[in-house]
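Colleague: One structure, as structure tokens, below. Some questions next.
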Amino acid sequence: MNLLEMNHIVKEFDGLEVIKDISISVKEGEILSIIGPSGSGKSTLLRCATMLERINGGEIRYLGERAAYLGGDGKPVYPKGQEAKRIRSYFGLVFQNFNLFPHYSVIKNIVDAPIKVQKRARQEVYEEARALLKKMGLSDKENAYPCQLSGGQCQRVAIARALALNPKILFFDEPTSALDPELTGEVLRVIRSLADLKITMVIVTHEMAFAREISDRVIFMDKGKIVLEGKPEDVFDADHTRIREFLGRYQRG
Amino acid sequence: MSFSVMLEQLCGGMLKSMEIFFLTLLFSLPLGLLIAFGRMSKNIVLRTVIKVYISVMRGTPLMLQLLVVYFGPYYLFGMSIGGSYRFTAIILGFSLNYAAYFAEIYRSGIASMPVGQYEAAQVLGYGKAQRFVRIIFPQVVKRILPSVTNEVITLVKDTSLSFSLAYAEMFTIAKQIAAAQTNFMPFVVAAVFYYVFNLAVAVVMETLEKKLSYYH
């Protein structure tokens, strides 16, 4: 069964279609990268999947459960209450600009949602959070505040925060785009270590070499549509004008 | 009248002034938040009503509002006023007025929060109420504290408007003594009292700001 299914998704902003009938699916343990030029709709697609944007067409399913669909009146229908809570618990999202809670310490950022939202036992959550911080190489930052950390450290905390809720699938929205070049490496290393653990991930990224190396499958998007989809080498080496143009711009810098 | 007797009377008045001050804060701070929610409501009727309310409260003199609250029940409904209602009217008038100002301060603070904070909380599964209480509001408090300090300091001085309802707080007493004794001294003492009280208010607010300066 597919962990995530997005079928015929349409999204428009003020009548302008930015996602034009896109369907994707993600299996358990799979790592999918979405690449493409700015404005191609990749981040919007991710925001639709994480229910931060409401779709204008199509349906979204997590583990076969319907998470969003178009009702009879043409308006999108989203689950409410406990059902919404359950569906949200299936996924986690790492933002481009982290969105850590500045008034909480590093450890509090990580433990607050598991304790207050999932109502899990305090002690167990703290132990898990400390283990996560260790994995992120941030054990000494437990009591620091986000404003005292570098961008790369903030993003690693944000990843730990998302993981603490034990999502079945983790989305990354350009996780290194807000970072100085010398800080991207540490974040990519962490994501790579998650890949080794077979955590299901969907990554929107501009790091081409990284996407090629880490992904099981790559989607190349342009102007709200999927242009190419397949194994990394099939997409990156494809003899296709649009992707050659796109990658060419990258190589020239 | 000796200086010490005058001082004693003014001190008694100061306690009344402080009572107005603290009670007004106690009621107007939470009420302001409720009004701010109404002002930001999706319901256009509620939003418009609140908007008019805030506009009237800010657009007319507080002294006039106090008079309306005090005498209104008599002229409108023939209710008997006086006695303990005088004090109630003062607290009501001040609270309704200050809540309007606080509402706009809350609203500006809430509106200034980055949308990413809401989104992060939403994705992490926080419900709407939890999200506001745990994530948004604590940060709003830090953002609005300087504006709140301004209002609080103004409130200390505004308590003197109670003289318009002849309520015996400090300023009313100072005026009475000054008139009866043809003496300027009560005003000087009153000024010192207000100033010292505001100094204390400023210190408290500054301490609060420092307490919240552990992050930015």
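Every read-out reported here was derived from the displayed coordinates using simple, explicitly stated rules and does not represent laboratory data. Just so it is clear, the structure is predicted and the values come from calculations on it, not from any experiment. All Cβ positions, glycine included, derive from the backbone under ideal geometry; neighbour counts span all protein chains shown.
Colleague: If you rank A:I107, B:I90 by fewest surrounding Cβ atoms within 10 Å, what's the result? Could you put the intermediate results ahead of the total?
Modeller: Details: A:I107 21, B:I90 25.
By the 10 Å Cβ count, ascending, the order reads A:I107, B:I90.
Colleague: Given a cut-off of 19 Å, what percent of all Cα-Cα pairs of region B:134-216 lie beyond it?
Modeller: Details: 1774 of 3403 pairs.
Counting pairs separated by more than 19 Å, the tail of P(r) holds 52 percent.
Colleague: Only Lys, Arg, Asp and Glu count, each charged at its Cβ (+1, +1, -1, -1), so figure out the dipole size of region A:47-142 about its Cα centre, rounded to 20 debye.
Modeller: On the way: 18 positive and 11 negative charges, 29 e Å.
I would put it at about 140 debye.
Colleague: Given the options B:Y194, B:Y85, B:Y101, state which has the largest fluctuation in a GNM of chain B using a 10 Å cut-off (strictly under) for Cα springs.
Modeller: Its mean-square fluctuation being the largest, the pick is B:Y85.
Colleague: To the nearest 10 degrees, how steeply does helix B:137-158 sit against the main Cα axis of chain B, on a 0 to 90 scale?
Modeller: Roughly 20 degrees between the two axes.
Colleague: Calculate the mean, over all residues of peptide A:76-86, of how many other protein chain Cβ atoms lie within 10 angstrom of the residue's Cβ.
Modeller: Details: counts 0, 0, 0, 0, 0, 1, 0, 0, 2, 3, 1.
Whole-number average of other-chain Cβ neighbours for A:76-86 is 1.
Colleague: So what is the calculated 222 nm ellipticity per residue for chain A, using -39500 (n - 2.57) for each DSSP H run with n of 4 or more, over all residues, to the nearest 500 deg cm²/dmol? Could the numbers behind the result be given before it?
Modeller: Details: 9 runs with 94 residues, N = 253.
About -11000 deg cm²/dmol.
Colleague: Further question on the same structure: Do any of A:K198/A:K231; A:K11/A:K225; A:K75/A:K223; A:K80/B:K128; A:K11/A:K75 go past 19 Å between their Cα atoms, and which? Numbers along the way, then the final one.
Modeller: Numbers: A:K198/A:K231 17 Å; A:K11/A:K225 11 Å; A:K75/A:K223 24 Å; A:K80/B:K128 12 Å; A:K11/A:K75 12 Å.
Over 19 Å apart, Cα to Cα: A:K75/A:K223.
Colleague: Here's a follow-up. With axes computed from alpha carbons, what is the tilt in degrees of helix B:62-77 against the longest principal axis of chain B, rounded to the nearest 10 within 0 to 90?
Modeller: Tilt relative to chain B: about 80 degrees.
Colleague: Compare the Cα positions of A:L4, A:A121, A:V106 along the charge dipole of region A:1-127 (+1 at Cβ of Lys, Arg; -1 at Cβ of Asp, Glu; about the Cα centre) and return the one farthest towards the positive end.
Modeller: Going by the Cα projections, it comes out as A:A121.
Colleague: Work out how far the C-alpha atoms of region B:1-135 reach from end to end along every principal axis, then list the three figures in whole Å, largest first.
Modeller: Principal-axis extents of the Cα atoms in region B:1-135, largest first: 69, 40, 23 Å.
Colleague: In debye, nearest 20, what is the charge dipole magnitude of chain B about its Cα centre with +1 on Lys and Arg Cβ and -1 on Asp and Glu Cβ, if you could check? Write down the numbers at each step before the final one.
Modeller: On the way: 17 positive and 9 negative charges, 162 e Å.
Once rounded to the nearest 20, the dipole reads 780 debye.
Colleague: Among A:L132, A:A238, A:T50, whose Cα projects farthest towards the positive end of the dipole of chain A, with charges put on the beta-carbon of Lys, Arg (+1) and Asp, Glu (-1)?
Modeller: Most positive-ward Cα: A:L132.
Colleague: Under a plain spin-label model, where a point goes 7 Å from the Cα along Cα-to-Cβ, how far apart in nm are A:E213 and B:I44?
Modeller: It works out to 5.6 nm between the two label points.
Colleague: OK, next. What's the average, rounded to a whole number, of partner chain beta-carbon atoms within 10 Å of each residue's beta-carbon in A:107-119?
Modeller: Numbers: counts 0, 0, 2, 0, 0, 6, 9, 2, 0, 7, 8, 2, 0.
Going residue by residue through A:107-119 and averaging, the value is 3.
Colleague: Non-local amide H neighbours of A:E28 (under 5 Å, H modeled in plane, Pro and chain starts lacking H): which ones?
Modeller: A:L3
Colleague: While we're looking at this one, here's another question. Between the DSSP loop rule and a limit of at most 12 other Cβ atoms within 10 Å, which trypsin sites (Lys or Arg not before Pro) in region B:1-69 are left?
Modeller: Details: sites: B:K16, B:R39, B:K42, B:R47, B:K51, B:R58; in loops: B:K42.
Qualifying residues, ordered by number: B:K42.
Colleague: Further question on the same structure: Under the definition of Cα pairs under 8 Å and six or more residues apart, what whole-number percent is the relative contact order of chain A?
Modeller: Numbers: 469 pairs, mean separation 64.3, N = 253.
The value is 25 percent.
Colleague: With axes computed from alpha carbons, what is the tilt in degrees of helix B:44-59 against the longest principal axis of chain B, rounded to the nearest 10 within 0 to 90?
Modeller: Helix B:44-59 sits roughly 30 degrees off the main axis of chain B.
Colleague: Also, quick follow-up: Dividing the convex hull volume of the Cα atoms of chain A by its residue count, what figure in Å³ per residue is obtained?
Modeller: Values: hull volume 34.3 nm³, N = 253.
Here the figure is 135 Å³ per residue.
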